[in-house]
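S.K.: One structure, as structure tokens, below. Some questions next.
The values are calculated or read from the model by the stated rules, or taken from the named source; none is laboratory data. All values derive from a computational prediction rather than experimental measurement. We place every Cβ from the backbone using ideal geometry, glycine too, and count neighbours over all the protein chains shown. The accessibility values were calculated without ligands, DNA or RNA, using every heavy atom of the protein model including side chains. Shrake-Rupley method; radii C 1.70, N 1.55, O 1.52, S 1.80 Å.
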Amino acid sequence: MGAAERKGIAVAGSVIVDKINSISAYPGAGELTQIRSLQKAVGGCVPNVALDLKKIAPELDIRAIGKIGADAEGAYVSQVLTEGGVDIAGLKVMDGEATSFTEVMSIPGGQRTFFVYSGASADFGVADVDFEKVSAKLLHLGYFLLLQKVDDGDGIEILKKALECGMETSIDLVSENSDRYGLVLPCLPYTDYLIINELEAGRLAGIAPEKENLEAIARKLKDLGVRKKVIIHMPECSVCFSDEGFSVLGSYILPEGYIQGTTGAGDAFCAGALIGIYNGWQDNEIMEFASGCAVMALGAPDATSGMKDRLQIQEFCRSFQRREV
């Protein structure tokens, strides 16, 4: 299949069930804090980004590629994705292993901490991708540093095969406090679009993740092999470095009390960026829309329920001002 015949976006990688626990404060060692409420939602790169993409652009073909367990949580993920209009033909079921899950400890309007069980997603690799049937124009793969086989070499093979098939490629990572970021570097020459936050970008480039360093970080990552665009987002702003040059855009200033949770905000930004990339927008247009998508996620406690379609997002964000950068 030629590149001109391809359409839609495939999202591959981690498939997780998020169990979101709302707490008032993090306890110290040996202390207790009460869980005020509990909510279950799909999580991980594949459900978050795929569902967001389908909500933003209902007319677009969105495909999920990943691995789940033969359990109730896996059935839950399949049901939610199907009801959301996402094609789950690429979702493989693995016997003998549980669907990956995360216990999210979330302070409303504040930070959140993740406790992850790797589960079936850790076994996801190149053998689980049927490239003959993936007719997408763009393949997004995430999260690196959370997928054992992907980190051990299958990630680079997935990206290579996608490029050979005529697809464009995009990746993202998880914010891990480790020295394992070097595992991702060999994948950059097979990555068209790198969409990550400032902590991940700084660790990947080996430069302190400060706002004043974002241009140097983006330029270095492009020099390390990223083929088309390096897009970095942080709470204050986002930046993009490509053949168009370096662009920076301040984030939206949101009213007090608006933020209900930060879970999924990075995935929402990523989904918005992918929509812009898919449609061939300029760098500033990509960042403008992606930051608007992040705003929608911030208004809900889970990762995907706050997302709207493209026109609704743009209309909703018109009332907000942006930070000066």
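S.K.: For residues that are in contact with a helix residue (DSSP H, G or I) (Cβ under 7 Å, 6 or more places away or on another chain) and aliphatic (A, V, I, L, M), scanning just the stretch 161-184, find the one that is surrounded by the most Cβ atoms within 10 Å (Cβ to Cβ).
M.R.: 171
S.K.: A further question follows. Test of understanding: among 54, 7, 40, which residue is assigned to a loop (DSSP other than H, G, I, E, B) and within 27 Å of residue 89 (Cβ to Cβ)?
M.R.: 7
S.K.: Hey, residue 213 hits all of (1) part of a strand (DSSP E or B); (2) more than 16 Å from the chain's Cα centre (by Cα) but one; which does it fall short on?
M.R.: Status for residue 213: all satisfied but (1).
S.K.: In the stretch 187-204, is there at least one residue being in contact with a Cys (Cβ under 8 Å, 6 or more places away or on another chain), of a type in the set (Val, Ile, Thr), outside any helix (DSSP H, G or I) and open to solvent by less than 50 Å² (accessible area, probe 1.4 Å)? Write out each step before concluding.
M.R.: Residues of the stretch 187-204 that are in contact with a Cys (Cβ under 8 Å, 6 or more places away or on another chain), as a first pass: 195.
Checking which are of a type in the set (Val, Ile, Thr) leaves us with 195.
Still in the list and also outside any helix (DSSP H, G or I): 195.
Next, from what is left, pick out any that are open to solvent by less than 50 Å² (accessible area, probe 1.4 Å): 195.
So far as the stretch 187-204 goes, yes, one or more of its residues are in contact with a Cys (Cβ under 8 Å, 6 or more places away or on another chain), of a type in the set (Val, Ile, Thr), outside any helix (DSSP H, G or I) and open to solvent by less than 50 Å² (accessible area, probe 1.4 Å).
S.K.: Taking the stretch 23-37, which residues are outside any loop (DSSP other than H, G, I, E, B) and free of Cβ contacts under 8 Å to residues at least 60 places away in the same chain?
M.R.: 35, 36, 37
S.K.: I've got another one for you. Which residue, of 20, 65, is under 23 Å from residue 154 (Cα atoms), touching a strand residue (DSSP E or B) at 6+ places or on another chain (Cβ under 6 Å), among the hydrophobic types (A, V, I, L, M, F, W, C) and assigned to a strand (DSSP E or B)?
M.R.: On the way: 20 fails: under 23 Å from residue 154 (Cα atoms).
The unique qualifying residue is 65.
S.K.: For the stretch 243-295, enumerate the residues that are of a type in the set (A, V, I, L, M), out of contact with any helix residue (DSSP H, G or I) (no Cβ under 6 Å at 6 or more places or on another chain) and open to solvent by 10 Å² or more (accessible area, probe 1.4 Å).
M.R.: Hits for the stretch 243-295 are 248, 253, 254, 277.
S.K.: A further question follows. Show the residue pairs that are 6+ apart or on different chains and have beta-carbon atoms under 6 Å apart, the first residue being within the stretch 300-325 and at pLDDT below 95 and surrounded by fewer than 21 Cβ atoms within 10 Å (Cβ to Cβ), the second being in a loop (DSSP other than H, G, I, E, B) and not aromatic (Phe, Trp, Tyr).
M.R.: Between residues of the stretch 300-325 that are at pLDDT below 95 and surrounded by fewer than 21 Cβ atoms within 10 Å (Cβ to Cβ) and residues that are in a loop (DSSP other than H, G, I, E, B) and not aromatic (Phe, Trp, Tyr), the close pairs are 300/260; 300/306.
S.K.: How many residues, within the stretch 121-157, are hydrophobic (A, V, I, L, M, F, W, C), closer than 15 Å to residue 171 by Cβ and without any contact (Cβ under 8 Å) to a residue 40 or more places away in the chain?
M.R.: So the count comes out to 3.
S.K.: Show me the strands (runs of 3 or more DSSP E) entirely contained within the stretch 87-137 in which 3 or more residues are open to solvent by less than 20 Å² (accessible area, probe 1.4 Å) and closer than 30 Å to residue 177 by Cβ. Step through it out loud before you land on a result.
M.R.: Details: elements: 87-94, 100-106, 112-117.
Result: 100-106.
S.K.: Does residue 72 count as more than 30 Å from residue 314 (Cα to Cα) and at pLDDT below 95?
M.R.: Working: more than 30 Å from residue 314 (Cα to Cα): yes; at pLDDT below 95: yes.
Yes: the conditions hold for residue 72.
S.K.: Collect the residues in the stretch 125-136 that are under 29 Å from residue 279 (Cα atoms) and out of contact with any Asp or Glu (no Cβ under 7 Å at 6 or more places or on another chain), keeping them in residue-number order. Even if it seems obvious, please write down each step before you answer.
M.R.: The initial filter retains those residues of the stretch 125-136 that are under 29 Å from residue 279 (Cα atoms), namely 125-126, 128-136.
Those that are under 29 Å from residue 279 (Cα atoms) and out of contact with any Asp or Glu (no Cβ under 7 Å at 6 or more places or on another chain): 128, 129, 130, 131, 132, 133, 134, 135, 136.
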